[in-house]
1. Quick check on my filter: what residues within segment B:1-36 are of a type outside the set (A, V, I, L, M), over 17 Å from B:GLY232 (Cα atoms) and modelled with pLDDT of 95 or more?
2. Taking segment B:104-143 as the region of interest, how many residues are among the hydroxyl-bearing types (Ser, Thr, Tyr) and either touching a strand residue (DSSP E or B) at 6+ places or on another chain (Cβ under 8 Å) or not in a helix (DSSP H, G or I) (or both)?
3. Which residues, taken from segment A:205-232, are of a type outside the set (Gly, Ala, Ser), touching a Lys or Arg at 6+ places or on another chain (Cβ under 6 Å) and touching a residue at least 60 places away in the same chain (Cβ under 8 Å)?
4. Quick check on my filter: what residues within segment A:218-232 are within 10 Å of chain B (Cβ to nearest Cβ) and either surrounded by 15 or more Cβ atoms within 10 Å (Cβ to Cβ) or in contact with a helix residue (DSSP H, G or I) (Cβ under 8 Å, 6 or more places away or on another chain) (or both)?
5. Sort out which residues of segment B:150-193 are away from every other protein chain (no Cβ under 14 Å), in a loop (DSSP other than H, G, I, E, B) and of a type in the set (A, V, I, L, M, F, W, C), and write them in order of number.
6. Tell me, please, whether a residue that is more than 9 Å from chain A (Cβ to nearest Cβ), assigned to a helix (DSSP H, G or I), within 30 Å of A:LEU177 (Cα to Cα) and in contact (Cβ under 8 Å) with a residue 24 or more places away in the chain can be found in segment B:210-221.
7. State all residues of segment B:225-261 that are away from chain A (no Cβ under 14 Å), of a type in the set (D, E, K, R) and either surrounded by fewer than 18 Cβ atoms within 10 Å (Cβ to Cβ) or closer than 20 Å to A:ILE169 by Cα (or both); if no residue qualifies, say none.
8. Are any residues in segment B:208-224 over 19 Å from B:GLN98 (Cβ atoms) and buried (at least 22 other Cβ atoms within 10 Å of the Cβ), and if so, which ones?
Amino acid sequence: MISVHHLDVSFDKVRAVNDVSFTVASGDTYGLVGESGCGKSTLLRVLSGLNRDWTGTIEIAGRAIGPVRDKAFHRQVQMVFQDPFGSLHPRHTVDRTLAEPIAIHGLDNAEARIARVLDDVGLGPRFRFRYPHQLSGGQRQRVAIARALILEPSILLLDEPTSALDVSIQAEVLNLLARLRAARDLTLILVSHNLAVVAHLCNRLAVMQGGAIVEEMTVESLRHGAPQHPYSRELLQATLGYHRPSDP
Amino acid sequence: MVSPPLLSVRNLRVRFDTPTGVVEAVRGIDFDVGRERLGIVGESGSGKSVTGRAVLRLLPASTTITADRLALGDLDLLNADTATMRRVRGRRISMIMQDPKFSLNPVMTVGRQIAEAYRMHHRVGRTVAKRRALDMLADVRIRDPKHVYDLYPHEVSGGMGQRVMIAMMLIPEPDLLIADEPTSALDVTVSIQVLAILDDLVTRRGMGLLFISHDLNLVASFCDRVLVMYGGQIMETLPASGLHAATHPYTRGLLAALPTIDTAGRDLPVLTRDPAWLAAR
């Protein structure tokens, strides 16, 4: 479904993404884990078309795509951002936020589409005419997911979709994503610094460090065999909490 | 074995006067901190950070803090005048904030900030203060203290900035350190180093540590005891090692909602909040 070969991205002197290649099969959920500055978000922004300055090849559904994307691309690939407080227009109601993509793409049945997508993300019609400031963080992230889904894309790019949320709300959003993935047959790419979140939702993952993928593995092998690369092991260790140096 | 607590809090309440009415952020909590690592966990809005700030009386003027007792040893923090509070802050209780980027003075080198913190509370000259600051930078495992001393906050990384802040907060040798999410702005590998430094300094100097965090696993593994807060109240107090055997439905719910590498493919149990947890008190 998605294949990336020898992708390079540079900002001035910094090589943010360094010769990255990976493929994601249709229906897969692929995780990109790593720390801030490892290039994972840049990689996602290249895929979504937000960053146009890159070299390498990207194919989506067998079609090579360039730096500038057309409307058809955006119907197929949508993105959900980290901060639900920053990613919604503060002076647009939920209804207007959701109506805009429909208008841009000239789709019919706006009314029914909005009602349906609100139901799908578990918000329902009573949230339709609210402004973002009248919603909680979890509800805003649901609106952001609804905005991404309203064009019925087959690929969803998720940039730290739960890291601004409390654990209990994170659980709701993760459950929602898992349910939507099954119901709509979505292919997901999830970027996160939290290995536990990635392992929970994804079936395959890549660990990134310094702009490169240091290790790629299935979640199955993460759970059973310890990861090979020392950096992946360090990340795995960190999900378990703090260990006193004197501890065995 | 039982020594008198450093900090003793009884029936602490914090109210904010807002244009839309009074919000009670902390509703009658009791706890003691000894020479130990006490964790406070809770979700956003549970009152954990407000509790930490109330101890230092670092809240806006529109806030009302009341308590039956809020004392550091024999000193009544609730009724202390501002001059006394200024001597307490830094010298006896200091605080590490979440994000070094917003907590350091951007137009002053980090070394001078640390030396200033020392001179504020000790009558010493510049040279002595500088030497103490360099020692302190070495203590927080900064490899080249002389070089780092002359850097400005924007020239250091997040992890180094947090170490600089720890150095600045520990140099007056306080009895109690309040750390409010000290590692949540840091990458995992860096945060482990920062925790190790805190751990080491707390143990070596016999300080008390109030560690505020939303991360249950971290608190369970780092602290000695844990308070679980929800809606401005303490739901339960547990030995940290027993956090995973918690009995309160709120704590249990939070723990169950955490994804792990073993929860793949399953729905996470969603927390159902029971109004009865917030019994009027």
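The values are calculated or read from the model by the stated rules, or taken from the named source; none is laboratory data. Predicted, not measured: the structure shown is a model, and the values here were computed from it. Reconstructed Cβ throughout: ideal geometry from the backbone, glycine too, with neighbour counts over all protein chains shown.
1. Answer for segment B:1-36, where residues must be of a type outside the set (A, V, I, L, M), over 17 Å from B:GLY232 (Cα atoms) and modelled with pLDDT of 95 or more: just B:SER8.
2. Going through segment B:104-143 one residue at a time, the tally reaches 1.
3. Start the filter on segment A:205-232 by keeping residues that are of a type outside the set (Gly, Ala, Ser), which leaves A:205, A:207-209, A:213-220, A:222-224, A:227-231.
Okay, now just the ones that are also touching a Lys or Arg at 6+ places or on another chain (Cβ under 6 Å), so A:208, A:218, A:227.
Listed by number, the list holds a single entry, A:MET208.
4. Selection gives A:VAL219, A:LEU222, A:ARG223, A:TYR231.
5. B:LEU151, B:VAL156, B:ILE171
6. The answer is no, given that none of the residues of segment B:210-221 is more than 9 Å from chain A (Cβ to nearest Cβ), assigned to a helix (DSSP H, G or I), within 30 Å of A:LEU177 (Cα to Cα) and in contact (Cβ under 8 Å) with a residue 24 or more places away in the chain.
7. B:GLU236
8. B:GLY208, B:ALA220
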